[in-house]
Amino acid sequence: MRVKDAMNPNVITLSSQMSIREAAEIMAKRNIGGAPVVDKEGKLIGILTLKDILNEIKKRMEAMGVYIFPTPFDFMDTIPVEIPQESQKNVFEEISSIKVESVMSKRVHHVREDDDIEDALFLLVKKGLSRLPVVNSQGKVVGILTRSDLLRALARSQGRAQEISKD
């Protein structure tokens with residue numbers, strides 16, 4: 001079985017020039033934890049995950065002396081009283097306007113659409129990845145392969161596809 005037989009061709013991609021706020025909104029609305037970043041021609045140049053965004057927010061907040069415990073979602077309760085209220089708004093606006101290109105991972109593991117699905121599975125497991133962008137011979141993103149996609153493909157190959165619904 002080939003990657004193209006299991007991948008999701010309806011991949012959501014991001015631009016390197018969009019803000020991390022825009023990227024986070026897209027990911028939240030589409031209920032995804034990460035997406036490939038492409039150039040104007042659709043070629044893969046990086047990948048951005050929610051973890052990357054949260055790490056950047058944490059780093060920027062700690063640089064200002066604001067420590068986020070226990071999670072980034074609780075940060076509003078941990079802001080020191082010394083930071084004036086109007087400054088808080090400016091800080092959050094500054095952080096949310098950071099460009100995707102400064103936060104994304106530039107070294108991206110990916111697969112080609114004609115690669116063997118077992119090689120993709122090996123890569124996912126060995127590298128501890130949740131998703132792999134799928135590119136064609138020109139390097140353009142043509143799909144995404146997730147762990148769920150691989151499991152569905154395995155079920156189909158075992159004749160159990162009707163028992164598994166695709167979301």
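Overview of values
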read-out: Within the stretch 135-147, considering residues that are among the β-branched types (Val, Ile, Thr), under 19 Å from Arg30 (Cα atoms) and at pLDDT 95 or above, the one surrounded by the fewest Cβ atoms within 10 Å (Cβ to Cβ); value: Val142
read-out: Test: Lys126 is under 21 Å from the mean Cα position of the chain (by Cα), over 17 Å from Ile45 (Cβ atoms) and modelled with pLDDT of 85 or more; value: yes
read-out: Filtered residues of the stretch 125-134 (kept if under 16 Å from Ala6 (Cα atoms) and surrounded by 15 or more Cβ atoms within 10 Å (Cβ to Cβ)); value: Arg131, Leu132, Pro133, Val134
read-out: Positions within the stretch 41-53 being at pLDDT below 95 and loosely packed, with under 15 Cβ neighbours inside 10 Å, in sequence order; value: Lys51
read-out: Every residue from the stretch 148-167 that is more than 24 Å from Gly42 (Cβ to Cβ) and either at pLDDT 90 or above or assigned to a loop (DSSP other than H, G, I, E, B) (or both); value: Gln158, Gly159, Arg160, Ile164, Ser165, Lys166, Asp167
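Yes/no matrix, rows are residues, columns are (1) among the aliphatic types (A, V, I, L, M); (2) under 17 Å from Pro133 (Cα atoms); (3) not in a helix (DSSP H, G or I):
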site	(1), (2), (3)
Ile12	yes, yes, yes
Ala24	yes, no, no
Ala28	yes, no, no
Leu48	yes, yes, yes
Asn55	no, no, no
Lys58	no, no, no
Met61	yes, no, no
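The values are calculated or read from the model by the stated rules, or taken from the named source; none is laboratory data. Every value quoted in this text rests on a predicted model; they were computed, and no experiment measured them. Reconstructed Cβ throughout: ideal geometry from the backbone, glycine too, with neighbour counts over all protein chains shown.
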